[in-house]
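Here's the structure we're looking at; comments come further down.
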(Lines give C-alpha, C1' and ligand atoms only; values in the text may rest on other atoms or scores of the structure.)
Protein backbone atom coordinates (compact mmCIF):
# COMPACT_ATOMS: atom_id res chain seq x y z
CA UNK A 1 0.00 0.00 0.00
CA UNK A 2 1.41 3.45 -0.86
CA UNK A 3 2.31 5.89 1.90
CA UNK A 4 -0.39 8.29 3.12
CA UNK A 5 0.01 12.02 2.37
CA UNK A 6 0.18 14.09 5.55
CA UNK A 7 0.41 17.76 6.35
CA UNK A 8 2.27 19.56 9.09
CA UNK A 9 -0.34 20.77 11.53
CA UNK A 10 2.21 22.77 13.50
CA UNK A 11 5.19 22.80 15.81
CA UNK A 12 4.48 22.80 19.50
CA UNK A 13 5.94 22.33 22.92
CA UNK A 14 4.25 19.53 24.85
CA UNK A 15 4.03 20.09 28.58
CA UNK A 16 4.05 17.20 31.00
CA UNK A 17 5.04 16.46 34.58
CA UNK A 18 8.71 16.13 33.59
CA UNK A 19 8.97 19.42 31.68
CA UNK A 20 8.56 20.34 28.03
CA UNK A 21 9.34 18.57 24.76
CA UNK A 22 9.22 20.07 21.25
CA UNK A 23 6.97 18.16 18.86
CA UNK A 24 5.92 18.45 15.24
CA UNK A 25 2.35 17.30 14.71
CA UNK A 26 1.38 15.73 11.40
CA UNK A 27 -2.18 15.01 10.38
CA UNK A 28 -3.34 12.35 7.95
CA UNK A 29 -6.46 12.23 5.78
CA UNK A 30 -8.59 10.95 8.65
CA UNK A 31 -7.44 13.85 10.86
CA UNK A 32 -5.64 11.57 13.29
CA UNK A 33 -2.57 13.29 14.71
CA UNK A 34 0.92 11.91 14.50
CA UNK A 35 3.11 13.55 17.16
CA UNK A 36 6.84 13.31 16.58
CA UNK A 37 9.01 14.56 19.42
CA UNK A 38 12.07 16.37 18.10
CA UNK A 39 14.97 18.59 19.14
CA UNK A 40 14.56 22.30 19.79
CA UNK A 41 16.77 23.37 16.85
CA UNK A 42 14.76 21.23 14.42
CA UNK A 43 11.49 22.52 15.90
CA UNK A 44 12.61 26.12 15.41
CA UNK A 45 13.74 25.35 11.86
CA UNK A 46 10.39 23.74 10.94
CA UNK A 47 8.54 26.66 12.55
CA UNK A 48 10.62 29.14 10.49
CA UNK A 49 9.93 27.21 7.27
CA UNK A 50 6.18 27.07 7.96
CA UNK A 51 6.18 30.85 8.47
CA UNK A 52 8.38 31.55 5.42
CA UNK A 53 10.96 33.24 7.64
CA UNK A 54 14.29 33.80 5.92
CA UNK A 55 17.24 34.12 8.31
CA UNK A 56 19.98 36.67 7.57
CA UNK A 57 22.44 33.78 7.19
CA UNK A 58 21.48 30.29 6.01
CA UNK A 59 20.75 27.75 8.70
CA UNK A 60 21.70 24.09 8.20
CA UNK A 61 18.43 23.15 6.47
CA UNK A 62 18.58 26.24 4.25
CA UNK A 63 22.14 25.30 3.28
CA UNK A 64 21.03 21.76 2.40
CA UNK A 65 18.24 23.10 0.18
CA UNK A 66 20.67 25.45 -1.57
CA UNK A 67 23.04 22.53 -2.14
CA UNK A 68 20.21 20.55 -3.75
CA UNK A 69 19.42 23.49 -6.04
CA UNK A 70 23.05 24.04 -7.03
CA UNK A 71 23.42 20.38 -8.02
CA UNK A 72 20.03 20.31 -9.77
CA UNK A 73 18.57 17.71 -7.41
CA UNK A 74 14.89 17.87 -6.52
CA UNK A 75 13.24 16.52 -3.41
CA UNK A 76 10.10 14.66 -4.43
CA UNK A 77 8.98 13.50 -1.00
CA UNK A 78 9.85 12.69 2.55
CA UNK A 79 8.55 9.26 3.57
CA UNK A 80 8.33 8.42 7.25
CA UNK A 81 8.66 4.71 6.81
CA UNK A 82 9.30 3.04 10.16
CA UNK A 83 8.79 3.29 13.89
CA UNK A 84 11.08 1.11 15.99
CA UNK A 85 11.33 1.27 19.78
CA UNK A 86 9.69 4.71 19.78
CA UNK A 87 12.08 6.12 17.14
CA UNK A 88 10.75 7.29 13.77
CA UNK A 89 12.78 6.68 10.60
CA UNK A 90 12.44 8.46 7.28
CA UNK A 91 13.72 8.48 3.73
CA UNK A 92 14.16 11.47 1.45
CA UNK A 93 13.20 10.61 -2.14
CA UNK A 94 15.35 12.70 -4.50
CA UNK A 95 15.53 13.02 -8.28
CA UNK A 96 18.53 13.89 -10.44
CA UNK A 97 18.78 13.38 -14.20
CA UNK A 98 15.74 11.08 -14.29
CA UNK A 99 17.21 8.90 -11.52
CA UNK A 100 15.61 8.37 -8.14
CA UNK A 101 17.86 8.50 -5.11
CA UNK A 102 16.87 7.62 -1.56
CA UNK A 103 18.64 8.93 1.52
CA UNK A 104 18.00 7.93 5.12
CA UNK A 105 17.29 10.89 7.38
CA UNK A 106 15.73 11.88 10.67
CA UNK A 107 12.08 12.83 10.15
CA UNK A 108 12.63 16.24 11.75
CA UNK A 109 15.41 17.12 9.30
CA UNK A 110 13.40 15.74 6.39
CA UNK A 111 10.33 17.76 7.37
CA UNK A 112 12.39 20.96 7.73
CA UNK A 113 13.92 20.42 4.28
CA UNK A 114 10.69 19.14 2.72
CA UNK A 115 8.73 22.24 3.70
CA UNK A 116 11.43 24.45 2.19
CA UNK A 117 11.35 22.40 -1.04
CA UNK A 118 7.54 22.21 -1.09
CA UNK A 119 7.83 18.42 -1.22
CA UNK A 120 5.19 15.97 -0.11
CA UNK A 121 5.33 14.49 3.36
CA UNK A 122 4.18 10.89 3.36
CA UNK A 123 3.80 8.34 6.15
CA UNK A 124 3.58 4.59 5.74
CA UNK A 125 0.17 3.32 6.84
CA UNK A 126 1.72 0.90 9.35
CA UNK A 127 3.49 3.82 11.06
CA UNK A 128 0.19 5.71 11.28
CA UNK A 129 -1.52 2.67 12.77
CA UNK A 130 1.25 2.35 15.38
CA UNK A 131 1.47 5.99 16.43
CA UNK A 132 -1.55 8.11 15.44
CA UNK A 133 -3.71 9.51 18.23
CA UNK A 134 -6.91 11.48 18.42
CA UNK A 135 -6.33 15.22 18.79
CA UNK A 136 -8.02 15.15 22.21
CA UNK A 137 -5.53 12.55 23.44
CA UNK A 138 -2.49 14.78 22.87
CA UNK A 139 -0.80 16.29 25.91
CA UNK A 140 -1.16 20.02 26.56
CA UNK A 141 0.42 21.75 23.55
CA UNK A 142 1.68 25.31 23.23
CA UNK A 143 2.62 26.74 19.83
CA UNK A 144 6.40 26.97 19.76
CA UNK A 145 6.29 30.59 18.61
CA UNK A 146 4.26 31.57 21.65
CA UNK A 147 6.47 29.46 23.91
CA UNK A 148 9.69 31.09 22.66
CA UNK A 149 8.20 34.59 22.87
CA UNK A 150 7.00 34.09 26.45
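The values are calculated or read from the model by the stated rules, or taken from the named source; none is laboratory data. Remember, it's a predicted structure, so these values are computed and weren't measured experimentally. FYI the Cβ positions are ideal-geometry reconstructions off the backbone, even for glycines, and counts take in every protein chain you see.
Of the conditions (1) surrounded by fewer than 20 Cβ atoms within 10 Å (Cβ to Cβ); (2) within 15 Å of residue 113 (Cβ to Cβ); (3) free of Cβ contacts under 8 Å to residues at least 24 places away in the same chain, residue 18 clears all except one; give me its number.
Condition not satisfied by residue 18: (2).
Would you mind listing the helices (runs of 4 or more DSSP H) fully within segment 80-150 where at least 2 residues are crowded, with 20+ Cβ neighbours inside 10 Å? Spell out the reasoning first.
Values: elements: 107-117, 125-131, 144-149.
So the answer is 107-117, 125-131.
Would you point out the residue of segment 51-66, among those that are within 30 Å of residue 140 (Cβ to Cβ) and surrounded by fewer than 19 Cβ atoms within 10 Å (Cβ to Cβ), that is modelled with the lowest pLDDT?
Checked segment 51-66; the qualifying residue modelled with the lowest pLDDT is 55.
Only one of these is surrounded by 12 or more Cβ atoms within 10 Å (Cβ to Cβ) and free of Cβ contacts under 8 Å to residues at least 12 places away in the same chain: 48, 27. Name it. Before the answer, list the steps.
Numbers: 27 fails: free of Cβ contacts under 8 Å to residues at least 12 places away in the same chain.
Exactly one of 48, 27 is surrounded by 12 or more Cβ atoms within 10 Å (Cβ to Cβ) and free of Cβ contacts under 8 Å to residues at least 12 places away in the same chain, namely 48.
Can you confirm whether segment 69-79 contains a residue that is surrounded by 20 or more Cβ atoms within 10 Å (Cβ to Cβ), at pLDDT 95 or above, within 15 Å of the chain's Cα centre (by Cα) and closer than 16 Å to residue 127 by Cα? So that I can check it myself, show each step before the final result.
Keep residues of segment 69-79 that are surrounded by 20 or more Cβ atoms within 10 Å (Cβ to Cβ), which gives 75, 78-79.
After this cut, where a residue has to be at pLDDT 95 or above as well, the list is 75, 78-79.
Those left that are additionally within 15 Å of the chain's Cα centre (by Cα): 75, 78-79.
Restricting the remaining residues to those that are closer than 16 Å to residue 127 by Cα gives 78-79.
Yes, there is a match, as at least one residue in segment 69-79 is surrounded by 20 or more Cβ atoms within 10 Å (Cβ to Cβ), at pLDDT 95 or above, within 15 Å of the chain's Cα centre (by Cα) and closer than 16 Å to residue 127 by Cα.
Hey, residue 45 hits all of (1) closer than 16 Å to residue 143 by Cα; (2) touching a helix residue (DSSP H, G or I) at 6+ places or on another chain (Cβ under 6 Å); (3) modelled with pLDDT under 95 but one; which does it fall short on?
Status for residue 45: all satisfied but (3).
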